[in-house]
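Bear in mind these aren't lab numbers, they're just calculated from the coordinates by the rules spelled out. Because the structure is a prediction, the values reported are computed rather than measured. Positions of Cβ are generated from backbone atoms using ideal geometry, with glycine treated the same way; all protein chains shown enter the neighbour counts.
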Ligand SMILES: *Cc1c(COP(=O)(O)O)cnc(C)c1O
């Protein structure tokens, strides 16, 4: 049996989610397709989004943009983290600037090539990651805007925390961003502004500004713990469809008596006569070791719990009580009622990591 899992990527669901996001965004959508579109496959995802119409695509590194360009994608591509000047010109990218020093470097390259380049500047309003510190950067931004070869097109920031019970810090970040924008406006500069990603797109409509810069919502997951057992988003009319479904097959079924330890360290011992199925997916395939004795998968439509520790190349499932299970049967690891949010809860992580690891390690089929 072939190792690993297959991810079915539902491009129709992706289009549906993009339309839903557009209905939130008074303005434009910048679709984030970094990390191979969160494990969904950056090229088919980007082609679909391009066809539907987005203001821009966003990647983390220029190497990701290169893959998109080689696949014939013509959209504006914003590079969120990487500031190497050469690929920005070679591949016609829009870099995000994080320091005066990198802006100067880009300007030198622009002059050398006799070119102009659009840039977005990032202000750090509290994320503590990339960008110029917002309280002191107005002067730097004016200087960046005056550098030859650079056209300051956009101004962005990133919200570090937004969930239904915690929006105070996000509001403080918005205030800082707002005062920076006012300071620039007073000097006659009104760059295209965007700060909202998925969580704030849902929770802080006032943060939408000129564009929403979202990833997770497009892939059909909620960025925070949804309210209620039925997983409602704050606005019940905002209906997302999961884009990724991950499946594998049963490689072997074992029948054990009561008291049989299963897997490394004997963390699971059969409590009765048990049927244990082995699947060809382990943590090397992105099925987290943290799922050990916690996660469930679907076998013949029923939940089967992970029995014992997830191994590197295989995992055991307790299929006792599920009738007629046999080798070759399909196993759903994600989808069909198992949400990335639920898997994230089992592994103590977030849906982003579930998608990038399970999708990243999968063979993909696009529908
Ligand atoms: C990843 C990322 C996003 C998208 O975040 P989502 O929560 O997936 O919407 C937006 N902006 C920046 C800077 C990012 O790194």
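Give the order of 326, 296 when sorted by the count of other beta carbons within 10 angstrom, beginning with the fewest.
326, 296
Rank the residues 265, 92 as a footprinting-exposure proxy: fewest other Cβ atoms within 10 Å of their Cβ go first.
In order of increasing Cβ crowding within 10 Å: 265, 92.
Based on a Kirkwood Rh over C-alpha pairs, give the Stokes-Einstein translational diffusion coefficient of the chain at 37 °C and viscosity 0.692 mPa s in µm²/s. Don't jump to the answer; show the numbers that get you there.
Working: Rh = 22.2 Å.
For the chosen part, D equals 148 µm²/s.
At q = 0.14, 0.19, 0.22 Å⁻¹, what log₁₀ I(q)/I(0) does a Debye calculation on the Cα points of the range 1-69 give, no solvent, two decimals?
-0.45, -0.76, -0.96
Given springs between every Cα pair under 10 Å in a Gaussian network model of the chain, which of 208, 185, 28 has the largest fluctuation?
Checking each option, the largest mean-square fluctuation is seen for 185.
How high is the relative contact order of the range 277-320, in percent, with contacts defined as C-alpha pairs under 8 Å that are six or more residues apart?
Once divided by the residue count of the range 277-320, the mean separation gives 46 percent.
So what is the diffusion coefficient of the range 80-185 in µm² per second by Stokes-Einstein at 20 °C and 1.002 mPa s, using a Kirkwood Rh over Cα pairs?
Rounded, D is 150 µm²/s.
What is the chain's relative contact order, in percent, from Cα pairs under 8 angstrom and six or more apart in sequence?
Dividing the mean separation by the residue count of the chain yields 20 percent.
Test of understanding: what is the full-extension gain from residue 113 to residue 86, defined as 0.36 nm times their sequence separation minus their Cα-Cα distance?
Residue separation times 0.36 nm, minus the Cα-Cα distance, leaves 8.7 nm.
Tell me, in nm to one decimal, what length is gained between residue 129 and residue 143 on full extension, where the rule is 0.36 nm per residue of separation less the Cα-Cα distance?
Gain on stretching residue 129 to residue 143: 2.9 nm.
Pull up the DSSP beta bridges for the range 56-210 and report the antiparallel fraction as a percent, rounded to 5.
On the way: 1 of 19 bridges.
So the antiparallel bridges in the range 56-210 amount to around 5 percent.
Could you tell me the center-to-center distance, by alpha carbons, between the range 234-299 and the range 1-30 in angstrom?
The distance from the Cα centre of the range 234-299 to that of the range 1-30 comes to 25 Å.
Can you tell me the orientation of helix 100-113 relative to the chain, as the angle in degrees between its alpha-carbon axis and the longest Cα principal axis, to the nearest 10?
Tilt relative to the chain: about 70 degrees.
For n ≥ 4 DSSP H runs only, could you compute -39500 (n - 2.57) per run for the chain, divide by its residues and tell me the 222 nm figure to the nearest 500?
-9000 deg cm²/dmol
With axes computed from alpha carbons, what is the tilt in degrees of helix 168-186 against the longest principal axis of the chain, rounded to the nearest 10 within 0 to 90?
20
Any idea what angle helix 11-24 forms with the longest principal axis of the chain, computed on alpha-carbon atoms, 0 to 90 degrees, nearest 10?
50
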